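J.: Here it is: the structure, laid out below.
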Amino acid sequence: MSSDSQTAQEALSFADLGLSPKVLSAVSDAGYTQPTPIQAGAIPHAVQGKDVLGIAQTGTGKTAAFVLPMITRLEKGRARARMPRTLILEPTRELAAQVEENFVRYGKNHKLTVALLIGGVSFDEQERKLERGADVLIATPGRLLDHFERGKLLLTGVDILVIDEADRMLDMGFIPDIERVCKLIPFTRQTLFFSATMPPEITKLTEQFLQAPIRIEVSKAASTNTSITQRLVKSGSKPWDKREVLRDLIRAEEDSLKNAIIFCNRKVEVAELYRSLTRHEFDAGALHGDMDQRARMQMLAAFRDGKLKLLVASDVAARGLDIPDVSHVFNYDVPIHAEDYVHRIGRTGRAGRSGKSFTITTKSDTKYVDAIEKLIGQTIEWHDGDLSTLTASDSQDEAPRRGRGAPRRAGRKDDETRHGRKPRGEHKAASGDHDKAEPAAEPAERRERKEAIRSENAERKAKPERNEKRPARQHQEDNDRTVGFGDDVPAFMRIIAKV
Ligand code: AMP
């Protein structure tokens with residue numbers, strides 16, 4: 001979309017888009033006065049039953065761009081048992097749950113039955129809803145096909161199919177499932193298709209399954225939002241250097257920091273950083289791929305409701321989260337995939353608000369920063385001097401290797417998990433002993449959250465989740481689990497290979 005037409009569309013009001021009076025009243029109750037560009041571009045076509053190809057990131061208001069016309073169109077007709085009238089495919093459970101919340105908000109003047117088919121939620125309740133007849137079925141692809149194969153679901157009554165976050169589906173290895181689902185739904189359906197970027201596999205999918213779609217592009221693929229102030233922050237490469245830099249940054253930003261997501265590259269780091277922050281009495285929680293649905297939802301709800309200020313997360317766990325009004329994003333690690341940078345910092349500066357992102361950068365990260373700057377087409381400013389201004393001790397890349405029999409480092413307290421062992425705090429909690437570094441009177445809420453993570457992890461180890469698709473990127477997260485000594489193999493155990 002050209003900037004001229006974008007400006008013209010921004011000037012439209014919701015009443016100009018062809019939505020029903022009941023939907024307009026719910027939108028006005030939600031406090032939205034003007035459609036966002038993706039809404040202004042997509043809704044007039046979607047209400048007329050046309051296929052839409054929306055190229056838009058999360059944070060642009062794209063959920064309402066398909067939910068509002070769907071509710072308008074669903075006013076005619078009614079649901080039949082086991083034959084949902086519309087189907088929305090989402091890559092993650094959280095995103096599916098968020099779309100459901102949108103139906104609650106915008107469908108408050110309607111009596112729609114919305115069923116959610118996602119992993120981690122009991123089959124029985126979902127089946128009962130399907131049995132009664134669902135107007136809207138929101139599903140992750142794996143769980144949907146599970147139900148279909150159990151014969152509990154017919155897709156021949158689907159009039160509207162929404163495929164959301166298609167590029168994320170590609171990342172997660174869901175494209176074959178999506179192709180299968182598309183073939184199970186009558187060709188006469190309407191398809192609304194959304195993706196932040198258009199890699200060749202996604203273009204091929206749209207050519208195969210969309211009919212003369214109206215294409216709406218609201219921002220350049222992989223561009224970053226101009227309302228976000230982005231900064232690089234120099235750091236020494238040791239975990240304790242980075243943690244100190246992060247703590248200093250959080251404290252320095254205190255006045256403007258309403259809430260923040262802190263991204264780590266690996267889930268083991270998520271757990272470590274979370275424990276370190278809580279030891280330093282920051283109000284923090286964690287979200288990573290090992291937590292089950294209940295723990296993730298609890299954590300997310302606490303963060304969204306403002307009961308939790310800092311959320312430490314991995315890319316997989318945070319994918320597609322809609323948390324309005326996040327003031328800060330901290331990249332504790334520079335993302336290895338440049339595209340993840342765009343998605344991470346897109347968590348702030350949403351729907352026209354301003355936001356700040358800080359990326360903690362060590363010497364070994366420069367190649368990743370280069371790739372990010374190339375992708376976003378801009379140079380990111382340094383917050384407080386570049387890497388050349390690091391002090392001599394901070395800029396040492398490698399810790400001096402301990403020789404055989406040399407004494408262990410005399411315990412900086414953050415340096416507990418370098419060998420991938422269980423952190424001290426966890427062992428002690430299990431044995432009823434208390435970590436002296438823990439605050440004496442820990443707030444009950446924080447303690448509960450920690451307990452939730454621990455018990456969920458224990459449960460998960462005991463009972464692996466059945467039949468869930470293992471997405472490619474989640475594999476990557478799993479493979480990142482520290483094994484044995486991880487990267488920290490002591491020198492005396494190393495075999496020097498002759499080349
Ligand atoms: P989404 O891109 O769908 O994840 O939406 C991002 C955020 O924008 C959500 O918190 C929405 O509630 C909010 N939003 C959606 N439409 C509008 C609008 N027209 N005006 C202001 N905020 C909106």
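J.: Quick check on the stretch 191-207. Is at least one of its residues farther than 26 Å from Ile376 by Cα, open to solvent by less than 30 Å² (accessible area, probe 1.4 Å) and outside the structural domain of Asn265 (by TED's automatic domain parsing)?
T.: Yes, the stretch 191-207 contains a residue that is farther than 26 Å from Ile376 by Cα, open to solvent by less than 30 Å² (accessible area, probe 1.4 Å) and outside the structural domain of Asn265 (by TED's automatic domain parsing).
J.: Report those strands (runs of 3 or more DSSP E) wholly inside the stretch 238-314 carrying at least 3 residues which are under 14 Å from the mean Cα position of the chain (by Cα).
T.: It comes to 260-264, 310-314.
J.: Among the residues of the stretch 112-125, are any modelled with pLDDT of 90 or more and assigned to a loop (DSSP other than H, G, I, E, B)?
T.: Looking for residues that are modelled with pLDDT of 90 or more and assigned to a loop (DSSP other than H, G, I, E, B), one finds at least one in the stretch 112-125, hence yes.
J.: Out of the residues in the stretch 175-184 meeting the condition of being in contact (Cβ under 8 Å) with a residue 60 or more places away in the chain and open to solvent by less than 10 Å² (accessible area, probe 1.4 Å), tell me which one is nearest to the chain's Cα centre (by Cα).
T.: Ile178
J.: Being more than 9 Å from the ligand (Cβ to nearest atom), closer than 23 Å to Val114 by Cα and crowded, with 24+ Cβ neighbours inside 10 Å is the filter here, so list the residues in the stretch 35-65 that pass it.
T.: Selection gives Ala42, Ile43, Ala46, Val52.
Okay, residues lined up against (1) of a type in the set (Asp, Glu); (2) under 20 Å from Leu112 (Cβ atoms):
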| position | (1), (2) |
| --- | --- |
| Val136 | no, yes |
| Arg150 | no, no |
| Asp164 | yes, yes |
| Asp167 | yes, no |
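J.: Moving to a separate point now. Can you tell me which residues in the stretch 223-237 are part of a loop (DSSP other than H, G, I, E, B) and buried (at least 20 other Cβ atoms within 10 Å of the Cβ)?
T.: Passing the criteria: Thr224, Asn225, Ser235, Gly236.
J.: Still on this model: If you check Glu398, Glu381, Glu416, Glu373, which single one turns out to be at pLDDT below 85 and within 32 Å of the chain's Cα centre (by Cα)?
T.: Glu416 is the lone residue from the list that is at pLDDT below 85 and within 32 Å of the chain's Cα centre (by Cα).
J.: Considering each residue of the stretch 66-91, count those that are more than 13 Å from the ligand (Cβ to nearest atom) and part of a loop (DSSP other than H, G, I, E, B), and give that number.
T.: Matching residues across the stretch 66-91 total 10.
J.: Considering (1) under 28 Å from Lys204 (Cβ atoms); (2) more than 23 Å from the chain's Cα centre (by Cα), say which one Gly107 fails and leave the rest.
T.: (1)
J.: Residues of the stretch 24-34 being hydroxyl-bearing (Ser, Thr, Tyr) and within 14 Å of the ligand (Cβ to nearest atom), which ones?
T.: Passing the criteria: Ser28, Tyr32, Thr33.
J.: Looking only at the stretch 133-158, filter to residues that are in contact with a Lys or Arg (Cβ under 9 Å, 6 or more places away or on another chain) and basic (Lys, Arg); which one of those is most open to solvent (accessible area, probe 1.4 Å)?
T.: Ranking the candidates gives Lys152 first.
The values are calculated or read from the model by the stated rules, or taken from the named source; none is laboratory data. Fair warning: this is a prediction, and the values are worked out from it, not measured in the lab. No Cβ is skipped: glycine too gets one built from the backbone with ideal geometry, and neighbour counts run over all protein chains shown. The area values use the complete protein model at the heavy-atom level, side chains included, leaving out ligands, DNA and RNA. Shrake-Rupley method; radii C 1.70, N 1.55, O 1.52, S 1.80 Å.
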